[in-house]
Amino acid sequence: MSYEPNTRVTVVDIQMPFLSMVVFMVKAAIASIPAVFILTVIASLFMAILSALFGSGPR
């Protein structure tokens, strides 16, 4: 197996039609909906655990 040093690459320009970019962005927005739902559930569980452990403080 030969050793080849890492080569740095810089992307200067991307040729992408506008309509394709719009479709890509819409797909990305739709794909983010389940991720936001999952993160909300995780945050809610975390806050519920903290609330159960520490309560609302002294009364």
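The values are calculated or read from the model by the stated rules, or taken from the named source; none is laboratory data. None of the values given here were measured: they were computed from a predicted structure. For neighbour counting, all protein chains shown are included, and Cβ atoms are generated from backbone atoms with ideal geometry for every residue, glycine included. Side chains included, ligands, DNA and RNA excluded: accessible areas come from the protein's heavy atoms. Shrake-Rupley method; radii C 1.70, N 1.55, O 1.52, S 1.80 Å.
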All-but-one check, P5 against (1) open to solvent by 70 Å² or more (accessible area, probe 1.4 Å); (2) within 24 Å of the chain's Cα centre (by Cα); (3) not hydrophobic (A, V, I, L, M, F, W, C), failing number (2)
On the basis of being in a helix (DSSP H, G or I), of a type in the set (G, A, S) and surrounded by fewer than 10 Cβ atoms within 10 Å (Cβ to Cβ), does A35 make the cut?
yes
Can V9 be described as at negative phi and in a helix (DSSP H, G or I)?
no
